[in-house]
Structures are given as structure tokens and as C-alpha cells.
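The values are calculated or read from the model by the stated rules, or taken from the named source; none is laboratory data. Remember, it's a predicted structure, so these values are computed and weren't measured experimentally. For neighbour counting, all protein chains shown are included, and Cβ atoms are generated from backbone atoms with ideal geometry for every residue, glycine included. These area figures cover heavy atoms from the full protein model, side chains too; ligands, DNA and RNA do not enter into them. Shrake-Rupley method; radii C 1.70, N 1.55, O 1.52, S 1.80 Å.
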Amino acid sequence: MDTHTAWPDLETTSPACKAEFYRQMDALESFAQANKLAAAAAIAADGSLADDGARDLAQWIETTSRHNHAHARELARVATALVELPAIAAVFRDGELSFDQVAELCRFATAKTDAEWAERGPGM
């Protein structure tokens, strides 16, 4: 199967089409990252990260995804926080929040304020 048939020709397509394509890819990236972090949190919760020799989720992410230590720690922090913030996680999966927005929301949102920040977050 030719995987390139779904991609627009960015050299010849209209500016509006390029912008729409970018927005679609941005939403897809949020969807993928939200689901990846949910999987990482589940791996941490069931303890199977130790099967790979990792002492914690950050180390597991660093090794598995080849991220630097600081970024892996941030991903682990957000993955763990999103477990308690299902409304924010859902908005992230829907592509309405970027990782940067979610990372900030995870610094102060709580289970009690989850729904409120899920609604307000996309406007931040």
C-alpha cells in the first residue's frame, strides 16, 4: 500500500489546505500522545516496567522512547497525573489540548477541578 497517497502535495496545495492538514496532524499527535501516556501509566501501575529493568516510569520512558532524562521525567509526571484527571485526558485525546497545555494543567488541576479545567484549558 502506498502510504503517501493520503498526504497532500505541500508544494502545490493551497495555503488553506496546508493549514488544515497541519491542524489535522496536530490533533492526531495529541491523540497519539494521550494514548501513549495512558499506556505508560498503566505499565507503571501494573509494575511491568521492572520487567525491562527500569526502576521508575521516567527511566522506562527514557529507555523505551529514547527521550532525554528531563523530558522523560516530564512525560512520566504528566502520564501519572492524567490518571486522576480523566476529563483533561479526554480533551487531550480529542486533540483540543497540546502537550504543553496538558503539562501545565497537570501542575495544578485536581480530581475536583478536572472537569472545570478540561473545559477552560483549550482556551489557554
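List of remarks:
- Meets criteria (closer than 24 Å to residue 108 by Cβ and surrounded by fewer than 18 Cβ atoms within 10 Å (Cβ to Cβ)) for residue 90: yes
- Among the candidates 45, 39, residue that is in contact (Cβ under 8 Å) with a residue 12 or more places away in the chain, assigned to a helix (DSSP H, G or I) and closer than 19 Å to residue 65 by Cβ: 45
- Just so you know, in the stretch 51-69 the residues that are within 20 Å of residue 81 (Cβ to Cβ) and of a type in the set (Asp, Glu) include one that is surrounded by the fewest Cβ atoms within 10 Å (Cβ to Cβ), and it is 56.
- Selected residue (only one of 48, 14 is among the small types (Gly, Ala, Ser) and more than 30 Å from residue 80 (Cα to Cα)): 14
- For residue 19, the conditions (1) within 20 Å of residue 81 (Cα to Cα); (2) open to solvent by less than 40 Å² (accessible area, probe 1.4 Å); (3) not basic (Lys, Arg) are fulfilled apart from (1).
- Residue list for the stretch 100-119, filter: open to solvent by less than 30 Å² (accessible area, probe 1.4 Å), part of a helix (DSSP H, G or I) and touching a residue at least 24 places away in the same chain (Cβ under 8 Å): 102, 103, 106, 114, 118
- Number of the exception - residue 73 against (1) under 21 Å from residue 29 (Cβ atoms); (2) open to solvent by 70 Å² or more (accessible area, probe 1.4 Å); (3) not in a helix (DSSP H, G or I): (3)
- If the condition is being within 10 Å of the chain's Cα centre (by Cα) and surrounded by 13 or more Cβ atoms within 10 Å (Cβ to Cβ), then the stretch 28-50 contributes 29, 30, 31, 33, 34, 35, 36, 37, 38.
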